[in-house]
Amino acid sequence: MTATTTPAVRVDHLSMRYGRSPVLALSDVNLVVNEGEFVCFLGRSGCGKSTLLSLAAGLETPTAGRIDVGGRRVGMMFQDSGLFPWLTVQGNIELALRLSGVPKAAWSDRVAELLDVVRLPGVQHRRPHELSGGMRQRVALARTLAQECQVLLMDEPFAALDAITRDAMHDEIERISTERALTVLFVTHNVREAVRLGDRVVLMQPGPGRVASDLVVDLPRPRKMDDPDIALRARMLHDQLDEQSELERRSVAA
Ligand SMILES: Nc1ncnc2c1ncn2[C@@H]1O[C@H](COP(=O)(O)OP(=O)(O)O)[C@@H](O)[C@H]1O
Ligand SMILES: [Mg+2]
């Protein structure tokens, strides 16, 4: 892959407590994501995945420790496209170009270019409600890329899509992140998706939110969801998740 050994995101003894919550949303998380690396954060609801991304984006302040992107430009994408419904596709992407300081004269060409990158040419004048869920996520991706980000934070961006559309989006994000040497932190609760996409899968665990394991996925790219090797590694991770649940059940029963 395009992963280097230059750290892009450093997480040092990172902990997060919301308000007076008795349980830490994150407890002493330590890891490094290198430039060009695609890391999937996998875990059940409540293990702190979204909190980790919010901290990486600087939307929240850690209770202790730090997360540092070394001044790199950060872009975010969520399950909901977050497109403004009253703006056309063109208007939505232009907004990001404007915020990135791209001169107005270049907007039109840049929008066309970005829509080519996400393989959705010619939809400039459509409004979000005229597009399918998959198309909206392609536009959301184009808008995020318009910010020229080096670090892409993705919080379950394909969770609401049907399986066929999701497979197509996996191919696109794999291609685009490789071409642009993006560093990607991708959150999911879908085991196969994590293995399909990640150079690494960081398995998290709730109560308090922490890292349970960190697995390198040394499979060649481009990958396909139905690769037997993906199924094999997904099985291992499923077993770890089942083990987590079993231990929790026992500690509640005790
Ligand atoms: N804004 C918030 N205020 C209070 N508690 C929160 C807030 N956001 C998340 N939490 C709590 O922090 C923990 C981790 O949540 P989150 O990061 O959303 O997990 P995940 O994305 O893995 O489902 C959960 O217990 C959740 O209830
Ligand atoms: Mg979440």
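Some observations on this one:
- Where strands (runs of 3 or more DSSP E) sit wholly within the range 1-42, those with at least 2 residues that are over 20 Å from T188 (Cβ atoms) occupy 7-16, 26-34.
- Any pair with Cβ under 6 angstrom, 6 or more apart, that starts in the range 108-123 at a residue that is touching a residue at least 40 places away in the same chain (Cβ under 8 Å) and ends at one that is of a type outside the set (K, R): V118/L141; V118/A142
- Residues of the range 2-31 satisfying the condition of being more than 16 Å from ligand 1 (Cβ to nearest atom) and touching a helix residue (DSSP H, G or I) at 6+ places or on another chain (Cβ under 9 Å): T2, V9
- Yes/no for R196 being in contact (Cβ under 8 Å) with a residue 12 or more places away in the chain and in a helix (DSSP H, G or I): yes
- Number of the exception - G48 against (1) more than 13 Å from ligand 2 (Cβ to nearest atom); (2) under 18 Å from the mean Cα position of the chain (by Cα): (1)
- Taking (1) closer than 13 Å to Q137 by Cβ; (2) in a loop (DSSP other than H, G, I, E, B); (3) within 16 Å of ligand 2 (Cβ to nearest atom) in turn, L161 satisfies each apart from (3).
- Pick from the range 32-51, criterion hydrophobic (A, V, I, L, M, F, W, C) and either in contact with a Pro (Cβ under 7 Å, 6 or more places away or on another chain) or within 18 Å of Q150 (Cβ to Cβ) (or both), ranking: farthest from ligand 1 (Cβ to nearest atom): V32
- Candidates A105, A112, A140 - the one that is part of a helix (DSSP H, G or I) and either within 30 Å of S27 (Cα to Cα) or in contact with a Gly (Cβ under 8 Å, 6 or more places away or on another chain) (or both): A140
- Tally, over the range 146-190, of residues that are more than 16 Å from ligand 1 (Cβ to nearest atom), more than 14 Å from V117 (Cβ to Cβ) and within 11 Å of the chain's Cα centre (by Cα): 3
- Unique residue being more than 16 Å from ligand 2 (Cβ to nearest atom) and not hydroxyl-bearing (S, T, Y) when the list is V9, V23: V9
- Those residues of the range 52-70 which are within 18 Å of the chain's Cα centre (by Cα) and either in a loop (DSSP other than H, G, I, E, B) or among the aromatic types (F, W, Y) (or both), in sequence order: A57, G58, L59, E60, V69
- Residues of the range 59-85 satisfying the condition of being surrounded by fewer than 17 Cβ atoms within 10 Å (Cβ to Cβ), over 30 Å from L24 (Cβ atoms) and in contact with a Lys or Arg (Cβ under 8 Å, 6 or more places away or on another chain): P85
Values in this text are rule-based calculations from the coordinates and carry no lab data. Just so you know, these numbers come straight off a predicted model, no measurement behind them. Heads up, the Cβs are rebuilt from the backbone with ideal geometry, glycines too, and the neighbour counts pull from every protein chain shown.
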